[in-house]
1. For Ala461, all conditions in the list (1) aliphatic (A, V, I, L, M); (2) surrounded by 15 or more Cβ atoms within 10 Å (Cβ to Cβ); (3) under 24 Å from Glu486 (Cβ atoms) hold save one; what is the number of the exception?
2. Taking segment 1-34 on its own, how many of its residues are part of a helix (DSSP H, G or I), farther than 30 Å from Arg70 by Cβ and either under 21 Å from the mean Cα position of the chain (by Cα) or hydrophobic (A, V, I, L, M, F, W, C) (or both)?
3. I need the helices (runs of 4 or more DSSP H) fully contained in segment 162-238, keeping only those with at least 1 residues that are within 24 Å of the chain's Cα centre (by Cα), small (Gly, Ala, Ser) and outside the structural domain of Gly71 (by TED's automatic domain parsing).
4. Which of the residues that make up segment 428-462 are in a helix (DSSP H, G or I) and touching an Asp or Glu at 6+ places or on another chain (Cβ under 8 Å)?
5. For segment 160-173, state whether one or more residues are at pLDDT 95 or above and crowded, with 21+ Cβ neighbours inside 10 Å.
Amino acid sequence: MTRWVLALVGVLVVTTSASAWWMWTNGFFCRPPAAEAALFRLYALDFLEPLESEGAGGFLRQLHSHRSPRGPLLAGVGALIAHLGGGLTPVVLWVTTTFFGILFLVGTWRLALGFVPPRAALAVTTIVAFSPAVMTMSRVFRPQIAAAALTVWALAALSRSRLLTSRRHAVALGAFTALATLGKVMAPIYVVGGVAAALLAAQLQPEEVRKASRRGAVISLLVFLAVCGWWLLPNLEAVLEYTAQASRGVRPWDMPAAPSRWEVERWTWYGIGFVNNAQGFLVAAVAGLVIPFVLRGRRGSGRARFAADGSGWILLVAVVTGYVALTLGHLGSAGKFSMTFVPLVTLAAMAGLRRIRWAFVRGVAAVLLAVAALTTGVLGHRPFSDPVTLVRWHSFQVLSGGDTHVSAPARWLGLSPSSTGEEWPIREFVRTIAAESSSAGRPLRVLTPHQYINFPNLLYAARCLGVHGTIAEGDWNAVREKRLLEAVRSTDLLVLDTAVLDWDRSRKALLAHSVRLDVLVETRVTSKSVVRLVRVVDP
């Protein structure tokens, strides 16, 4: 076992080193956090300030008073690492994400060991590490990777709990599910079906097993409430409203509206998304080269355990239940679903292949899987029509790497592989906003339809500069030209980027309605991106 643990450490070192190289060479260590990551950095600052001024007591009080439908786990861990590492720098945000990424892969290893020998478990972990679903959704300082990591540990505890009769694993199940919920509130969806299946399966056993299983379920529930109830219960109304809003508002990006619950398109959304996200070029290489080698080993006790206590079927029910719940709820990013369940599906494929008796047939099956992975890797990622770009993206965007620079908004902004030539005027904008606010005698509303110069980043800079309170309200959602007049009618200042909206055309369109834009600050960020902070003059 020791040599396989060392091999696992080697996989973690390779993925983490490649991630650091990827982040450094593509300029992410010099850029402000984008989109949702900026909001979580702002939360982390809420925890870091009392930690540095009052110590652990202040940190715990702030953690307990966190009022948001978004869980405090990622921001809290980020604040602790920032306290040790010298502030909420881009490197610290990456280290926080990498911590959860390593936790995710170690959890995958532990889950796999319950079903297959160490050699096969190592192959499962390696495939998962380089799965596009994991690479895509493990974006820096976003909660998906934290929730997925702890969910995998919860599923591993469930699979080892012997129908919830093991008290130790029942405690672990409740604790890890609660921690995953503190990462992302939808995490229990991925576990609850398996727990229900374990309880039902226990009813077919002798009376003492039934009692022990019910007792284990109660223990898991009590531990769950003890670990996350302090946040979940006070925020329950906000959480329910947040999830209901997401269920109503989220739709696939390429559809004008979400399909109804009776349409086939809706029920195949996550399935097709899983195929597209769970495969790719490196997965094909690993499947074609590693799996045949692995399958030459002896079939060990993993197969017997799979058949003995039915834990494999319990995990299958967890996957199906999560699929149904998400499909009925809303059609969000299929990558989030894929990242959470790709360890289980990879493990099932590995266990299934190992049951094939003849080595030649196993090799042919592995080759067919590799061809399927290659095909879906090319055809499944519609945003990437250039195969060379897709290969490079999958090859280097490993654990907690970033894909922001190849996303559509980043391409519009003209971000280069290195950010050394980029100038982000966030602090200059905040100083100007503070001066304008002082002149007006009130906080100003700022509209910031920008991926990087967004409202949370402006608030973060304002707090760091000691001018917090000068920005009253903001909106970091995209503003389209047809909605520009409606958007600026109720704002004081506006951030405009020529890469997103044409400056001359936008200004003329507003002038036609007697709305004037006065430029306060103008900065060229890239060759394509000129960002302006403008005052809206609306008579």
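1. (3)
2. To start, the set of residues in segment 1-34 that are part of a helix (DSSP H, G or I) comprises 2-25, 28-30.
Among the residues that remain, those that are also farther than 30 Å from Arg70 by Cβ are: 2-11, 13-14, 17, 21, 25.
Subsequent filtering for residues that are either under 21 Å from the mean Cα position of the chain (by Cα) or hydrophobic (A, V, I, L, M, F, W, C) (or both) retains 4-9, 11, 13-14, 17, 21.
Total satisfying the criteria: 11.
3. Values: elements: 167-183, 189-202, 207-232.
Once the helices (runs of 4 or more DSSP H) in segment 162-238 are filtered for at least 1 residues that are within 24 Å of the chain's Cα centre (by Cα), small (Gly, Ala, Ser) and outside the structural domain of Gly71 (by TED's automatic domain parsing), nothing remains.
4. Pass one, segment 428-462, residues in a helix (DSSP H, G or I): 428-440, 455-462.
Within segment 428-462, Glu436, Ala440, Phe455 meet the criteria.
5. Yes, segment 160-173 contains at least one residue that is at pLDDT 95 or above and crowded, with 21+ Cβ neighbours inside 10 Å.
The values are calculated or read from the model by the stated rules, or taken from the named source; none is laboratory data. Keep in mind it's a predicted model, so treat the numbers as computed, not measured. With ideal geometry, Cβ positions are generated from the backbone for all residues, glycine too; neighbour counts draw on all protein chains shown.
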